[in-house]
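Notes follow the structure.
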């Protein structure tokens, strides 16, 4: 370690977080649940302070010309805060993921192997806007026995400070040290955090495509996240038109800034004349700007033309690209070419087509006859999520508690040595599962 590193205030913060996390890793489920309830109560008590801080953030962001999608994520109203606090309590009700015996095996008489779940250690969470993300993440970190260093975007600094202040006040009355939760506030600290591979075990970035890619390219610490949220709904030739309209509208407008909102609508050519006018009317009633390929514009001549760039764009706004395809296979090929492996959906009454779609589309979430907006840890019953991962290796999709634990192998013997099991007179292993 260089003298500069040794003198860094962030090094000291990270060391305190790791020390607190090491103690948190071994406390009881009851103690963790008490801490989570204390956090919920502290957030309720600080509600007015948090909401006022968010109003100040929103006013400052507006003055700075913040983009509309980011502004929507920044806003934290009473309903969002209430739901976030409910999510904290939901996490408290979940089973403790730590200390689970995954393998219990006799290797030989008196020599027993166990694989047991344990916390990762310290999480570094870097997120843009969405101050309620701090609430979700802290509750999941505490439940999974991890310390957490939060770095919110500059646009949410007041909101995050008020939230973390309340969380620390809540924890101060529990067995969990407030040092297990830290908040960073400057861009310089972000860059330094990415270099703390000695103290931080996992980085989870939540934000724009460019932001996540920047994090991925500037750290040696493992990164869990996704850079794009380019999701699709494919309306098959055997779709129920009314059902398809409802699903497509929900997947676009329910929260267009979300990473699981659709950006492209694929429509089978045989159903397009019946479906497209109805879905276009419903979407335009909700102020969605429609862009279509040449075949789509023959049915909807009043909409904008798409370009090649539209198929690879995450709008995060009330904009939707539409393309007509000739077959299920063409839809799957388009999704696997342009999709971000986040969440994809098919609307069809043909079960064979649905099974083909689900089997061949490469994404963390693949749905049949429902909105892509269900891709969410809270909706999955995880209580909350720390983020969504589109990587091939697990954890994949919405990441809750199970993505924040690893495991260790423990062997207990009675003077056993490997030499007993080698050579001409080697003894055999029993390898008897005890679970």
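A compact table of results
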{"item": "Pick from region 109-133, criterion farther than 22 Å from residue 218 by Cβ and touching a helix residue (DSSP H, G or I) at 6+ places or on another chain (Cβ under 8 Å), ranking: modelled with the highest pLDDT", "result": "119"}
{"item": "Qualifying residue in region 300-307 (condition: under 31 Å from the mean Cα position of the chain (by Cα) and either modelled with pLDDT of 95 or more or within 23 Å of residue 397 (Cβ to Cβ) (or both))", "result": "yes"}
{"item": "Any strands (runs of 3 or more DSSP E) falling wholly within region 358-435 and containing at least 1 residues that are closer than 30 Å to residue 107 by Cα, modelled with pLDDT of 90 or more and not assigned by TED's automatic domain parsing to the domain that holds residue 343", "result": "405-412"}
{"item": "Which numbered condition residue 340 misses (of (1) in contact with a strand residue (DSSP E or B) (Cβ under 7 Å, 6 or more places away or on another chain); (2) within 30 Å of residue 129 (Cβ to Cβ))", "result": "(1)"}
{"item": "Condition broken by residue 279, with the remaining ones in (1) out of contact with any strand residue (DSSP E or B) (no Cβ under 7 Å at 6 or more places or on another chain); (2) crowded, with 20+ Cβ neighbours inside 10 Å; (3) part of a loop (DSSP other than H, G, I, E, B) satisfied", "result": "(3)"}
{"item": "Residue match in region 358-372 (condition: over 23 Å from the mean Cα position of the chain (by Cα), crowded, with 18+ Cβ neighbours inside 10 Å and at negative phi)", "result": "no"}
{"item": "Whichever residue in region 301-310 is over 21 Å from residue 337 (Cα atoms) and either touching a strand residue (DSSP E or B) at 6+ places or on another chain (Cβ under 6 Å) or not assigned by TED's automatic domain parsing to the domain that holds residue 347 (or both) and, among such residues, is surrounded by the fewest Cβ atoms within 10 Å (Cβ to Cβ)", "result": "304"}
{"item": "Matching residues, region 343-357, being out of contact with any strand residue (DSSP E or B) (no Cβ under 8 Å at 6 or more places or on another chain) and assigned to a helix (DSSP H, G or I)", "result": "351, 352, 355, 356"}
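The values are calculated or read from the model by the stated rules, or taken from the named source; none is laboratory data. Just so it is clear, the structure is predicted and the values come from calculations on it, not from any experiment. Quick reminder, even Gly has a Cβ in these numbers, built from the backbone with ideal geometry, and neighbours come from all protein chains shown.
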